[in-house]
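Below is one structure, written out as structure tokens; comments come after it.
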């Protein structure tokens, strides 16, 4: 049957409509070909591109992978897209082949396509291919029009020409892929691929690509969640047409047709919800917010927290924070066991909650003691009943170990040795040093730092605790943690925690802490903690690459009988390292000046720790004590020229002559008969001054020369 025969069999009304539409299409082609568009451009005004470029805010990880997207104010999902990097080339091949074969060569309107569409309409009796280019379709998406008229079509043509004039081909394609409707509140290829296939459109099968090409032509009548049969039929027509166009093989098309069309929509990614919420509140003028997180590690640790919390009880939540030691970047941030679990207060970010740290501050007490030079990891210390006024600390198991090496005291988390060292170091000094490193300790109202803070009598967040611990494998310097890449390096200068030798000694000791059951020894340096009343269980550990902190407990602070850091939190910590996908990295080598010696070969003052004032000699001789300078003081020792440092007097009381003077562990001579000596400061900064008498008794002060 010829074209004239086909038209002849139609009713007069249908014939008139068909011929009229064909004439309109040809007329449009003529208008475009002649370039008569100037008056239209003037009357229509500028393109509303600003509104068209509005997209959903997306939060991505350090590698650009989607963590979470937020719907637009009107509830639509519209994700930004770049055709070159975000979309499967196979899909683009089908899209251009089906919708606009000369996309890269025409100027916005394709007269050949319009003519072909008119001819196909007349000869076949139905629309085989549309005459609208992708640019014309984009114009319709930017300015939707319900009525179908000659004026509307001309309007679309003019807008398409304007688009081609103002935007590049890549920009037009990207904008179309962002705005194209896919049913319901889904706009753009990324939103559709995630909602229908649960993945980004970077890797699509032939069946998936053909389906996504078909849906925008009639998005509501082909919605997968409502009309899967219609969607499948449209997909198969795309495949058939692409076989005719020789863009795909008949065999591949046949195999793609066998793939079922699933009706269920998939949820959008919801990784790191607490981080995303915080980022959205912080960065308000960006459609794409990039975090330092690693999506793979984040997903793994979220699953770990969910599973372990479920095993521990219905009210238990877990917080996990993993950071990169070198950069201070947060790699994973798990704020709760389940963001949507109301019983566990899932939307409360427990990494920022102020809780009692239990024994997790002890490593910093020992670090300051090592730094001050009055103990060494192999020094001996007594674990015995002792009283500090009305305060009498006891160990967790209510027993005492007697005399033990300092190393063992920290590994076993003995309370009495830690408090005795804190009494010597000074609670205020510990508090100020941690604050100097960016970790704020929260004390009860109207209270000052005291000895109880060594056992958890203070508040701290998991974020600040992990930040402080990350300074140990960095040999004493702390990099403030960063989670939003937009913040750059502002305010991230290294902060001082400990001197390098003391930090290394703490790390070495913690590396030998007995691990939880079935875990490998000497792979992860870690410390556990349990707060008073079994309210909080902690475990913080590190290797040479990463530091991870774990908190376990009830968000409302209620006690959980039997909730102990070693049992509840430490296994989560070791599992987190194991699931990171990387073997533990070795800790840094010992810095220069580190003293390696058994207890028997240590200098006499370091062989055994004795509290200040414990040694009272026969007669009227008191224990050795440095009277000047005072511990923790600042001294201006610059001479009159403002450059060279003048001599600094050191005065001593008590002790037995002869006495040796040491500056930063190096002997510089003897104290004279008047129990004083002038020393030359080594330079500006912190200086450790030690005096040791004939019996081996020693006293040390730390001063700052400026």
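Residues that are in contact with a helix residue (DSSP H, G or I) (Cβ under 6 Å, 6 or more places away or on another chain) and over 30 Å from residue 577 (Cα atoms) are absent from region 296-316 altogether.
Kindly indicate whether any position in region 642-660 is touching a helix residue (DSSP H, G or I) at 6+ places or on another chain (Cβ under 7 Å), in a loop (DSSP other than H, G, I, E, B) and either modelled with pLDDT under 85 or surrounded by 17 or more Cβ atoms within 10 Å (Cβ to Cβ) (or both). Please lay out each step first, then the result.
At the first step, the residues of region 642-660 found to be touching a helix residue (DSSP H, G or I) at 6+ places or on another chain (Cβ under 7 Å) are none.
Among the residues of region 642-660, not one is touching a helix residue (DSSP H, G or I) at 6+ places or on another chain (Cβ under 7 Å), in a loop (DSSP other than H, G, I, E, B) and either modelled with pLDDT under 85 or surrounded by 17 or more Cβ atoms within 10 Å (Cβ to Cβ) (or both), which makes the answer no.
Looking at 603, 591, just one residue is more than 20 Å from residue 423 (Cβ to Cβ), surrounded by 12 or more Cβ atoms within 10 Å (Cβ to Cβ) and at pLDDT 90 or above, and that residue is 591. Filtered by the rule that a residue be farther than 19 Å from residue 574 by Cβ, in contact with a strand residue (DSSP E or B) (Cβ under 8 Å, 6 or more places away or on another chain) and in a loop (DSSP other than H, G, I, E, B), region 305-337 gives 327, 328, 335, 336.
Restricting attention to region 662-678, and to residues there that are in a strand (DSSP E or B) and crowded, with 17+ Cβ neighbours inside 10 Å, which single residue is modelled with the highest pLDDT? Per the stated criteria, the residue is 677. Among all positions in region 88-111, there is at least one residue which is closer than 30 Å to residue 276 by Cα and either at pLDDT 75 or above or in a loop (DSSP other than H, G, I, E, B) (or both).
Hey, can you tell me all the residues within region 231-269 that are part of a loop (DSSP other than H, G, I, E, B) and over 22 Å from residue 220 (Cα atoms)? Explain how you work it out, then say what you get.
Taking region 231-269 and keeping what is part of a loop (DSSP other than H, G, I, E, B), we get 245-249, 258-269.
Passing the criteria: 245, 246, 247, 248, 249, 258, 269.
If you go through region 264-286 one residue at a time, do you hit one that is under 30 Å from residue 454 (Cα atoms) and not assigned by TED's automatic domain parsing to the domain that holds residue 688? Reasoning before the result, please.
Going residue by residue through region 264-286, those that are under 30 Å from residue 454 (Cα atoms) are none.
Looking for residues that are under 30 Å from residue 454 (Cα atoms) and not assigned by TED's automatic domain parsing to the domain that holds residue 688, one finds none in region 264-286, hence no.
Picking from residues in region 168-191 that are out of contact with any helix residue (DSSP H, G or I) (no Cβ under 7 Å at 6 or more places or on another chain) and surrounded by 17 or more Cβ atoms within 10 Å (Cβ to Cβ), the one that is nearest to residue 71 (Cα to Cα) is 191.
A single entry from 367, 373, 402 fulfils the requirement of being assigned by TED's automatic domain parsing to the domain that holds residue 428 and without any contact (Cβ under 8 Å) to a residue 24 or more places away in the chain: 402.
Does residue 327 count as outside the structural domain of residue 495 (by TED's automatic domain parsing) and touching a helix residue (DSSP H, G or I) at 6+ places or on another chain (Cβ under 9 Å)? Answer is no for this residue.
Looking at 413, 431, which one is in the same structural domain as residue 512 (by TED's automatic domain parsing), assigned to a helix (DSSP H, G or I) and buried (at least 18 other Cβ atoms within 10 Å of the Cβ)? Show your work before the answer.
Working: 413 fails: assigned to a helix (DSSP H, G or I).
Matching residue, one of 413, 431: 431.
Residue count for region 204-222, restricted to those that are part of a loop (DSSP other than H, G, I, E, B) and either surrounded by 24 or more Cβ atoms within 10 Å (Cβ to Cβ) or modelled with pLDDT under 95 (or both): 5.
The values are calculated or read from the model by the stated rules, or taken from the named source; none is laboratory data. Being a predicted model, the structure only gives us computed values, none of them experimental. FYI the Cβ positions are ideal-geometry reconstructions off the backbone, even for glycines, and counts take in every protein chain you see.
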